[in-house]
1. Given labels modelled 7 Å from the Cα in the Cβ direction, how far is it in nm from residue 99 to residue 35?
2. Got a sec to turn the phi values of the stretch 25-36 into Karplus ³J(HN,Hα) couplings, 6.51 cos²θ - 1.76 cosθ + 1.60 with θ = phi - 60°, whole Hz, x for Gly and Pro?
3. Just to verify a number: FRET efficiency for residue 25 and residue 51, C-beta to C-beta distance, R0 = 30 Å, to 0.05?
4. If R₀ is 25 angstrom, what is the calculated FRET efficiency for the pair residue 134 and residue 67, using the beta carbon separation as r and rounding to 0.05?
5. Tell me the label-point distance for the pair residue 89, residue 119, using the 7 Å Cα-to-Cβ offset, in nm and rounded to one decimal.
Amino acid sequence: MLAGTASQMYASNAEGGAENSAVANEMRRQREYQQRATGLFNQSLGQSAPQAAQQQIQQGRQQALQAGQPAMQMPYAASTVPLPGGQDRLSQARLSSQLGLGQQANANLQGYGNYPLQQSLKDMDIGGQLGVVNREASQSAGVLPAELQQASQ
């Protein structure tokens, strides 16, 4: 009788040890998922800092200026439509200057439009990566009951 009780206690301890091991393994995996998600989140925060915003605004401004360069380099020729202010060189220089200022203002505006676009793209990318980590963590946690059942047998 004593031998039977001892073997039952040993089997119970073995089951408990296997269950504890399964839980410990799952806790370790969940900590790894948490660390990955925290790293992704911190990366996203770094890309939202004021320096990143200034860089994205400047990038959008430069892109807008480059896109407008070909139009600014076109020579003014005598046309059937009179230029505002006349056809002389001074009028053409004034018009060119006004167009340049307009292009600068438009580029600045487009630069500020680039920032929310870049932030939205970044947020979608990080959100997708966080979704993958979340799905992996959920799937891993979903396997734990089966591991516990297997350990108890």
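1. 6.0 nm
2. Along the stretch 25-36, the couplings run 4, 5, 4, 4, 4, 5, 5, 5, 4, 5, 5, 4 Hz.
3. 0.15
4. E between residue 134 and residue 67, to the nearest 0.05, is 0.05.
5. 4.9 nm
All of the numbers you see were taken from the coordinates with simple rules; none came from a lab. It should be emphasised that the depicted structure is a prediction, and the values quoted were computed from it without experimental measurement. Cβ coordinates were reconstructed from backbone atoms using ideal geometry, including for glycine residues, and neighbour counts include every protein chain displayed.
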